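K.L.:
My questions all concern the structure below.
The values are calculated or read from the model by the stated rules, or taken from the named source; none is laboratory data. Please read all numbers here as calculations on a predicted model, not as lab measurements. Glycine gets a Cβ as well: all are built from the backbone with ideal geometry, and neighbour counts include every protein chain shown. Each accessible area value is taken on the protein alone, full model and side chains, heavy atoms only, with ligands, DNA and RNA left out. Shrake-Rupley method; radii C 1.70, N 1.55, O 1.52, S 1.80 Å.
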Amino acid sequence: MKLLTLNFLTCAVKTCKTSASSFPLHPRDSELEIVEAEINVQFLQNILPRLMWEELGGLVNELGLPSLPPTAPLPSALVESKLQAPESDTTGLNIEKLEVPSQVARDLHRVLLETCIMSGGLVCGNCGHEYKVLEGVANFLLPAHLV
Amino acid sequence: MLPTPSTSHVCFDRVYEPAEDSFLLLDTISAPSEAAFLHDRFEHPPHHGPCSTPPLVLEVGVGSGVVLAFVAANAGKIFGREDVLTLGVDINSFACDAASKTVQNAIKTGSRSTFLDIVNGDLASSIRPHSIDVFIFNPPYVPAELPDFSRHNDYNAPRPGQKPTSFEQDSYLLELSYAGGVDGMEVTNRMLEQIPDILDPSRGVAYLLLCAQNKPEAVKQDIRNWGHGWKAETVGTSGKQAGWEKLQIVRIWRSTA
């Protein structure tokens, strides 16, 4: 499961919903895998306001990944200009100014959409219940006594 | 007409096979009148106000994944923008695997939408409050006794050292996809309770499939009785029988106007 998915998930126990500590869920014993995906800078720019940046930063630290900056980047920081000849130009003479994904964008893309939890647990900070992740699929079904 | 995503990799012995209800959802959501409603709500940039963020589409009970894959693959035509997020839930872990492949295959060519994941869960219990912009639910709507959930853990995954699935296991998993209890509404009623909590308060919209035995007029009235501007209208129908629509799609949304 992708780390971006965790931006939209919380503990399934009804009484945890009102507690701030039920979000985000905390990864435990995670086995991570990088699943490469095509970068979409416009998507990244538009999603920024929807990210719970501080919580995402915490998640990244708990997973032992390189820390995120303390505040979310501005949309403009996700692109940079580059002078290069278009791919179709074999002479290399027709240099153009192109907008390409910046390092900030590539790092964010890697964290949100390419870093996947393949197995491990997701723990609620309020009730302590651990949800299992198996073969990349998180299981949020609760035992009968918790429903 | 937009193409239907391929589900040829799915084993329909234990995952619900796309049928008239699935196709009614596809047809309704992509119909010109519904696309106009969704464009108006989500188009980027919108007619008025600042640029809006990518809408998050959640389908509960994805089954084969055909509906979510259709939305993901045709996001530009349906919403007027490509930067749409899709997320699915199913109680059946075999359906989670199947649907994940269906969506990934459907967006491989030409779609710029972003697929998150399919999670194994009960309805929308694990969804962060008010984070869903478009909610889709094709429920187990047949008036039939609910399956015995005490077997769920045993039947929800292949058992080690045994044949992948037994006939009883497959029957149980398919029952989950259609059996809706009294009036076919027991599961839908639980889902309806969660809808105001998961939808975005200003732009959230839900699509719910109902059959005639679900007493759709009463269901819609109950939703309107939530107050706070909640609306419920039939926006798609199929299979007219003696003046009764066999299946219908109800749109649920809030209007403050």
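K.L.:
What residue, among those in the stretch B:83-97 that are open to solvent by less than 10 Å² (accessible area, probe 1.4 Å) and among the hydrophobic types (A, V, I, L, M, F, W, C), is farthest from the other protein chains (Cβ to nearest Cβ)?
P.N.:
Among those that are open to solvent by less than 10 Å² (accessible area, probe 1.4 Å) and among the hydrophobic types (A, V, I, L, M, F, W, C), it is B:95.
K.L.:
Continuing with this model, one more query. Please verify whether the stretch A:31-39 includes one or more residues that are open to solvent by 30 Å² or more (accessible area, probe 1.4 Å), touching a residue at least 40 places away in the same chain (Cβ under 8 Å), out of contact with any Gly (no Cβ under 9 Å at 6 or more places or on another chain) and more than 14 Å from chain B (Cβ to nearest Cβ).
P.N.:
The answer is yes, given that some residue of the stretch A:31-39 is open to solvent by 30 Å² or more (accessible area, probe 1.4 Å), touching a residue at least 40 places away in the same chain (Cβ under 8 Å), out of contact with any Gly (no Cβ under 9 Å at 6 or more places or on another chain) and more than 14 Å from chain B (Cβ to nearest Cβ).
K.L.:
To continue, here is another question. Which of the residues spanning the stretch A:86-105 are surrounded by fewer than 16 Cβ atoms within 10 Å (Cβ to Cβ) and assigned to a helix (DSSP H, G or I)? Give the derivation first.
P.N.:
Of the stretch A:86-105, the ones surrounded by fewer than 16 Cβ atoms within 10 Å (Cβ to Cβ) are A:86-100, A:103.
Passing the criteria: only A:103.
K.L.:
Also, I was wondering about something else. So which residues in the stretch A:117-147 are more than 13 Å from residue A:13 (Cβ to Cβ), open to solvent by 40 Å² or more (accessible area, probe 1.4 Å) and assigned to a loop (DSSP other than H, G, I, E, B), if there are any at all?
P.N.:
Within the stretch A:117-147, just A:135 meets the criteria.
K.L.:
Any residue that is within 12 Å of chain A (Cβ to nearest Cβ) and part of a helix (DSSP H, G or I) - is there at least one of those in the stretch B:115-127?
P.N.:
no
K.L.:
With the requirement that a residue be more than 15 Å from residue A:1 (Cα to Cα) and of a type in the set (A, V, I, L, M), what does the stretch B:75-97 give you? Walk me through how you get there before you give the answer.
P.N.:
Of all residues in the stretch B:75-97, those more than 15 Å from residue A:1 (Cα to Cα) come to B:75-84, B:91-92, B:94-95.
Result: B:75, B:78, B:84, B:91, B:95.
K.L.:
I've got another one for you. Could you please give the count of residues in the stretch B:128-139 that are open to solvent by less than 20 Å² (accessible area, probe 1.4 Å), more than 7 Å from chain A (Cβ to nearest Cβ) and not charged (D, E, K, R)? Even if it seems obvious, please write down each step before you answer.
P.N.:
Let us first name the residues in the stretch B:128-139 that are open to solvent by less than 20 Å² (accessible area, probe 1.4 Å), namely B:131-137, B:139.
Right, trim to more than 7 Å from chain A (Cβ to nearest Cβ) and you get B:132-137, B:139.
Subset that is not charged (D, E, K, R): B:132, B:134-137, B:139.
Qualifying residue count, the stretch B:128-139: 6.
K.L.:
Of all residues in the stretch A:41-64 being under 28 Å from residue B:82 (Cβ atoms) and not in a helix (DSSP H, G or I), which is most open to solvent (accessible area, probe 1.4 Å)?
P.N.:
My answer is A:52.
One line per residue, one yes/no per condition, for (1) within 13 Å of chain B (Cβ to nearest Cβ); (2) among the aromatic types (Phe, Trp, Tyr):
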site: A:51; (1), (2): yes, no
site: A:72; (1), (2): yes, no
site: A:101; (1), (2): no, no
site: A:104; (1), (2): no, no
site: A:140; (1), (2): yes, yes
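K.L.:
Within the set of pairs 6+ apart or on separate chains, which have a first residue in the stretch B:84-102 that is within 9 Å of residue B:120 (Cβ to Cβ), a second that is assigned to a loop (DSSP other than H, G, I, E, B) and of a type in the set (Ser, Thr, Tyr), and C-beta atoms under 8 Å apart?
P.N.:
B:89/B:126; B:95/B:16; B:95/B:64
K.L.:
Also, I was wondering about something else. Sort through B:108, B:101 and tell me the only one that's within 26 Å of residue A:10 (Cα to Cα), out of contact with any strand residue (DSSP E or B) (no Cβ under 7 Å at 6 or more places or on another chain), open to solvent by 20 Å² or more (accessible area, probe 1.4 Å) and more than 8 Å from chain A (Cβ to nearest Cβ).
P.N.:
Just a single option satisfies the conditions, and that option is B:101.
K.L.:
How many of the residues in the stretch B:202-216 are closer than 21 Å to residue B:179 by Cα and out of contact with any Phe, Trp or Tyr (no Cβ under 9 Å at 6 or more places or on another chain)?
P.N.:
The number of residues fulfilling the criteria is 2.
K.L.:
So how many residues does the stretch B:1-27 have that are part of a helix (DSSP H, G or I) and open to solvent by less than 10 Å² (accessible area, probe 1.4 Å)?
P.N.:
Final tally of qualifying residues: 4.
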